[in-house]
Amino acid sequence: MLRKLPGWVIDDVASVRQEVAEWRNTTAAERWRLAKACGRDAMWAARISGMRERILAQTDPLPESTLAALARLRREAGWDCDGD
C-alpha cells in the first residue's frame, strides 16, 4: 500500500478541468460540429463492425429515479398515461 500518492495525482475537480480545458472556450456551434462528427464516427464504427443492427438495438434501462421523475412530470403536465 502506498503511504503517499505520487506527485502527479491531482484531485477530481482539477482532473476534470484539465480534461475539458481545450473545450472551455469553444462556441456552441463548434461543440455541435464536434458532437456530429463523433456521432458519424460511432456510426461508421458500428457499420464497419458488421453488427450495426445489434449495436443500435442495445438500450440501457432507465433508473427508477428517472422513471419516477418522468411519471411526476407527466402527472404535473396533465399527461397521466394511466388514464387517471
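The values are calculated or read from the model by the stated rules, or taken from the named source; none is laboratory data. These numbers were taken from a predicted model, which means no experiment stands behind them. A quick note on method: Cβ atoms are made from the backbone with ideal geometry, for glycine too, and the neighbour counts reach across all protein chains shown. Ligands, DNA and RNA are excluded from the accessible area calculation, which covers all protein heavy atoms including side chains. Shrake-Rupley method; radii C 1.70, N 1.55, O 1.52, S 1.80 Å.
I'm a student and want to see the number: the projected area of the Cα convex hull of the chain, averaged over all directions, in nm².
Numbers: hull surface 48.4 nm².
Taking the Cα atoms of the chain, their convex hull projects to 12.1 nm² on average.
Per-residue HN-Hα couplings for the range 14-26, Karplus 6.51 cos²θ - 1.76 cosθ + 1.60 at θ = phi - 60°, whole Hz, x for Gly and Pro?
4, 4, 5, 4, 5, 5, 9, 3, 5, 9, 4, 9, 7
Can you give the FRET efficiency to the nearest 0.05 for Glu30 and Arg3, using r as the Cβ-Cβ distance and R₀ = 35 Å?
Given R0 = 35 Å and the Cβ-Cβ separation, E is 0.20.
Magnitude of the Cβ-charge dipole of the chain, K/R +1 and D/E -1, about the Cα centre, nearest 20 debye?
Numbers: 14 positive and 13 negative charges, 102 e Å.
Using only the charged Cβ atoms, the result is roughly 500 debye.
In square angstrom, what is the accessible area per residue of the chain with a 1.4 angstrom probe? Can you show the working numbers first?
Values: 8120 Å² over 84 residues.
Heavy-atom accessible area per residue stands at 97 Å².
How far apart, in nm, are the 7 Å Cα→Cβ label points at Gln18 and Ala71?
Those two pseudo-labels are separated by 4.4 nm.
State the percentage of accessible surface on the chain attributable to carbon and sulfur atoms; use a 1.4 Å probe and exclude ligands, DNA and RNA.
57
Quick one: order Trp23, Trp32 from most to least accessible surface, probe 1.4 Å.
Values: Trp23 110, Trp32 160 Å².
So the residues, ranked largest to smallest area, are Trp32, Trp23.
What are the ³J(HN,Hα) values, in whole Hz, obtained from phi via the Karplus relation 6.51 cos²θ - 1.76 cosθ + 1.60 with θ = phi - 60°, for each residue of the range 54-65 in sequence order, with x given for Gly and Pro?
Those phi angles translate into 5, 5, 5, 7, 6, 9, 9, x, 6, x, 4, 4 Hz.
Taking 0.36 nm per residue of separation and subtracting the Cα-Cα distance, what length does fully extending Ile10 through Glu64 add?
Values: separation 54, 0.36 × 54 = 19.44 nm, distance 3.37 nm.
Extending this stretch completely gives an extra 16.1 nm.
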